[in-house]
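Reviewing the structure listed below.
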Amino acid sequence: MSLPTTNRARAAAQTEGHEDHGARVAAFRERYVGKLAAPHGWWAIASLDWLEPGESLLGCGADARLALPAGAPERVARLTLVDERVVVAPLTGGLELDGEPLTEPKTTDGVGALTVPAGEVRLLVRLIRRGELFGVRVYDPRLSAARDPGASVAWFDTDPAWVIEAEFLPPLPDETIPIVNALGQVSDAAVAGRAVFEHGGQRHTLVATPAGTPGRLFFNFRDATNVRETYGGGRFLNVDGPVDGRIVLDFNLCHHPPCAHTPYATCPVPPEENRLPFEVRAGERYPEGASVRD
């Protein structure tokens, strides 16, 4: 028996909507893996070292406290930490700092991007700051090129049932929430609002902080799949801001934090408020047989 015309039209619209949603999710996941696998993406990180006050030698020589991968010069630069400033003094040619040739010592605020020739590739040495800590994170494009995305990333099947419309509650005036990172440091983050939704007949709330893109919201949450099927430190979800007091939580787009892919990240820990007591079987998961990172 054929469906009435209105039912056929509704079914066709639903099918098209599911196909469009599936295509959007697939495109997002492709971009996500592309960022991990980029020459200076998370899979390319070779090391993370914290500076001590005074001078530190950067290079691949035996006397370098800040070690670089093979192929780099033995003595690349001398980094001096003093009074919350890092002075980068070149010891070889071909260096660039923040896109400009580095031919003489330059003082930074502890944040910058130093590129170093290493055979056929250029290493990226990021100067980073985490609270009172100043660090050097080294990226080697050869490492990301050697990774197999199929063995490093997996996803739950896309399921439109995990596209959840939620009520959006604005924050209190000047409301903040303490956020702990992987180093144990605590900082206050502005609260952007809260998502309130129902699942399994129960009402749940997730607190949001501002995302890196204006108008977007960031949710860092845990759920009952963590450790066994997904990263133990939770997952990330970025969504569009509210429209008429509502937001859409598409958990098909949630993904692991960088700490799931490298030991050299300093990810935020989900706030206690963002522990969901049920399994979110959507988004990124561990590949079958993958080693678990807490």
Looking only at segment 43-83, and only at residues there that are among the acidic types (Asp, Glu) and over 26 Å from the mean Cα position of the chain (by Cα), the one that is nearest to residue 257 (Cα to Cα) | 52
Across segment 257-294, which residue is nearest to residue 188 (Cα to Cα) among those that are of a type in the set (Asp, Glu) and in contact (Cβ under 8 Å) with a residue 40 or more places away in the chain?
-> 273
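Residues checked against (1) more than 14 Å from residue 266 (Cα to Cα); (2) out of contact with any strand residue (DSSP E or B) (no Cβ under 9 Å at 6 or more places or on another chain):
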{"position": "123", "(1), (2)": "yes, no"}
{"position": "134", "(1), (2)": "no, no"}
{"position": "137", "(1), (2)": "no, no"}
{"position": "141", "(1), (2)": "yes, no"}
{"position": "147", "(1), (2)": "yes, yes"}
{"position": "151", "(1), (2)": "yes, yes"}
{"position": "163", "(1), (2)": "yes, no"}
{"position": "166", "(1), (2)": "yes, no"}
{"position": "173", "(1), (2)": "yes, yes"}
Can you tell me how many residues in segment 240-256 are free of Cβ contacts under 8 Å to residues at least 40 places away in the same chain and either β-branched (Val, Ile, Thr) or buried (at least 20 other Cβ atoms within 10 Å of the Cβ) (or both)?
-> 3
Residue that is surrounded by fewer than 19 Cβ atoms within 10 Å (Cβ to Cβ) and acidic (Asp, Glu), where the choices are 140, 148 = 148
Which one of these does residue 166 not meet: (1) outside any strand (DSSP E or B); (2) not assigned by TED's automatic domain parsing to the domain that holds residue 111; (3) not β-branched (Val, Ile, Thr)?
-> (1)
Give just the number: which of (1) in a strand (DSSP E or B); (2) of a type in the set (S, T, N, Q); (3) touching a helix residue (DSSP H, G or I) at 6+ places or on another chain (Cβ under 6 Å) does residue 187 not satisfy?
-> (3)
Selection count where residues are more than 12 Å from residue 261 (Cα to Cα) and assigned to a helix (DSSP H, G or I), scope segment 152-161 = 2
All-but-one check, residue 70 against (1) free of Cβ contacts under 8 Å to residues at least 60 places away in the same chain; (2) surrounded by 14 or more Cβ atoms within 10 Å (Cβ to Cβ), failing number (2)
Scanning segment 198-254 for residues that are among the aliphatic types (A, V, I, L, M) and within 17 Å of the chain's Cα centre (by Cα), which turns out nearest to residue 156 (Cα to Cα)?
-> 253
Consider residue 48 carefully, then state whether it is in contact (Cβ under 8 Å) with a residue 40 or more places away in the chain, within 17 Å of residue 126 (Cβ to Cβ), touching a Lys or Arg at 6+ places or on another chain (Cβ under 7 Å) and assigned to a strand (DSSP E or B).
-> yes
Looking only at residues in segment 132-152 that are touching a residue at least 12 places away in the same chain (Cβ under 8 Å) and of a type in the set (A, V, I, L, M), which one is nearest to residue 82 (Cα to Cα)?
-> 133
So which residues in segment 255-292 are among the basic types (Lys, Arg) and within 24 Å of residue 178 (Cβ to Cβ), if there are any at all?
-> 275
Given (1) farther than 25 Å from residue 41 by Cα; (2) outside the structural domain of residue 268 (by TED's automatic domain parsing), where does residue 174 come up short, assuming only one miss?
-> (2)
Can you name every residue in segment 85-112 that is within 24 Å of the chain's Cα centre (by Cα), exposed (fewer than 15 other Cβ atoms within 10 Å of the Cβ) and assigned to a strand (DSSP E or B)?
-> none
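The values are calculated or read from the model by the stated rules, or taken from the named source; none is laboratory data. In this text, all values refer to a predicted model and were calculated from it rather than measured experimentally. Virtual Cβ from ideal backbone geometry, glycine too; neighbours counted across all protein chains shown.
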